[in-house]
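The values are calculated or read from the model by the stated rules, or taken from the named source; none is laboratory data. In this text the structure is predicted, and so the values were computed from the model without any measurement. Here the Cβ is made from the backbone with ideal geometry for all residues, glycine too, and neighbour counts use every protein chain on show. Only protein heavy atoms, including side chains, enter the accessible area calculation; ligands, DNA and RNA are left aside. Shrake-Rupley method; radii C 1.70, N 1.55, O 1.52, S 1.80 Å.
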Amino acid sequence: MPARLVGFGCILALMFSLGCRGSERLTEPTEIAVPPGLTESEAKLWRMSGHETQAIQRTGLLYQDPEVTAYVQALGERMVPAQPGPATYEFHVLLDPEANAFAFPDGTIYVHLGLLSLLESEAQLAHVLAHEVVHVEARHSVKQYDNQQSVVGTTQVLSLAAAIGFGSMGTAAAGLFNVASQLSLGLTASIAVSGYSREAEREADVRAIGRIAAEGYDPCASAETFTLLLREYDDPDAVASFVYASHPRLKERQAYSTEEAEARGTACALPDDSTATAVPDTAYARLMRGVRADQVELWIRSEQYDRAIDQADRLLDLDDANAPLWYWRAEAIRQPYGDAAPSDSVTTELEEHYRYALDLDPSLAIAHRSLGALYEARGDTDAAADAYEQYLATASRPRDRRFIQHRIDTLRPTAPADATTSPGEAEPSSSGDEQD
């Protein structure tokens with residue numbers, strides 16, 4: 001699997017499979033240029049937005065898949081009005097497994113990995129991005145900030161977690177909320193505690209429907225998105241969104257979005273709130289295959305194994321042939337055991353998962369490595385050594401080659417030296433001459 005999850009794992013120090021590698025980071029904060037003509041509040045929020053963006057980049061919280069990033073940027077640009085005002089729109093994917101999205105007042109917009117994996121069509125993502133663009137162009141952050149300055153001092157830790165456009169912070173302890181508190185990210189502005197008002201959210205939803213319809217997308221995509229969120233968070237009354245009660249309930253947003261779409265002459269046939277069905281094999285679905293597996297991996301990295309299994313089950317209902325997703329579901333089951341051997345029934349289930357993942361994708365080398373660890377834990381040394389050898393034969397330049405070779409040598413030691421071997425004469429190495 002590509003090394004796309006660099007930041008989250010490094011910060012949480014949960015590197016059970018991928019190392020901290022790759023992400024481009026700023027080393028020093030730079031001065032934030034503010035466009036002319038802004039009000040005092042706008043200028044302050046603009047600078048704060050810039051510093052928040054720099055902090056996110058420095059800590060490596062951006063998803064590192066260039067194809068996905070370019071796709072989101074290109075789609076987001078289509079949602080920007082012809083006269084965008086002073087904002088310079090940039091669209092990023094954030095390493096957070098919660099279904100969420102938010103916008104900074106300067107036009108920097110973030111979609112969480114968890115929301116990308118939840119959505120089932122390009123039209124739904126287009127609505128999410130258009131919704132956040134409307135928040136920027138309508139200056140909702142500035143208006144809310146002017147109304148909330150009295151509570152700014154209380155919001156240092158809550159900034160990014162509460163800055164939602166679509167999501168529910170029903171599980172506020174997850175993902176970026178923890179990271180934001182560690183980093184003291186502090187966009188203590190309008191969206192920090194109370195979020196956008198009911199009216200602002202409705203305006204963003206409705207205007208976004210018009211915008212995606214103008215781009216040729218199904219206007220029912222908005223209501224579909226809220227249906228997916230209702231399926232994800234099955235207690236709509238608890239999903240108000242973290243600390244503020246005035247945010248529109250998902251049921252309410254689903255209802256008026258349906259009305260708005262149908263007023264445009266489109267009948268919306270929404271899926272049931274509680275059941276997932278397989279989505280068509282579209283270009284969007286294929287692009288999201290890696291995203292979905294990576295989202296489950298994020299839950300595992302944060303040691304929320306039950307959440308990872310639940311997510312994997314839901315996503316496998318959509319995409320049963322996703323080999324990495326089968327692998328990470330197995331890892332969510334195996335990781336809590338550590339070095340201990342699971343029960344026979346669990347071992348059988350894990351072996352079936354890893355084998356099925358390899359049937360779907362024989363190049364998925366990490367499944368061989370996990371099979372080796374599984375067999376080694378139950379004491380089957382020959383099977384473990386075979387699996388580790390398959391891993392080394394399949395993996396492309398594995399960083400743990402020496403460690404795995406050591407495991408093989410330990411599990412399958414070389415024969416004792418012949419009695420005629422003279423003292424000091426070395427036996428041939430079982431690992432050969434290969435070096436990293």
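Points to keep in mind about this one:
- 5 angstrom amide H check on TYR63, placed H, neighbours 5+ away: VAL93, LEU94, LEU95
- Proportion of all alpha-carbon pairs of the stretch 288-340 beyond 18 Å (%): 21 percent
- With the simple spin-label model, which puts each label point 7 Å out from Cα in the Cβ direction, the ASP306 to PHE403 separation comes to 2.9 nm.
- Probe 1.4 Å, all protein chains present, accessible-area order of ASP382, ASP361, largest first: ASP382, ASP361
- Theoretical FRET efficiency, 1/(1+(r/R0)^6), r = Cβ-Cβ of SER345 and ALA70, R0 51 Å, to 0.05: 0.70
- The residues of the stretch 58-143 expose, per residue, 26 Å² of accessible area to a 1.4 Å probe.
- When each of the peptides 349-357, 393-401 is scored by the mean number of other C-beta atoms lying within 10 Å of its residues, the order from highest to lowest reads 349-357, 393-401.
- The slack in the chain from LYS143 to SER363, taken as 0.36 nm per residue of separation less the alpha-carbon distance, amounts to 74.0 nm.
- ARG78 versus ARG231: modelled label distance in nm, points set 7 Å from Cα along the beta carbon direction: 2.2 nm
- Prolate/oblate/rounded call for the stretch 286-422, Cα gyration tensor, a/c under 1.5 rounded: prolate
- Ordering of 35-46, 366-377, 310-321 by packing is 366-377, 310-321, 35-46, highest average first (other Cβ atoms within 10 Å, averaged per residue).
- The slack between ARG355 and GLU389, meaning 0.36 nm per residue of separation minus the straight C-alpha distance, is 10.7 nm.
- Percent carbon-and-sulfur accessible area, the stretch 77-145, ignoring ligands, DNA and RNA, probe 1.4 Å: 48 percent
- Percent carbon-and-sulfur accessible area, the stretch 316-355, ignoring ligands, DNA and RNA, probe 1.4 Å: 44 percent
- For GLU90 and GLU252, the difference between the fully extended length at 0.36 nm per residue and the C-alpha to C-alpha distance is 55.4 nm.
- The Cβ shell under 11 Å around ALA385 holds other residues with a net charge of -4, Lys and Arg each +1, Asp and Glu each -1.
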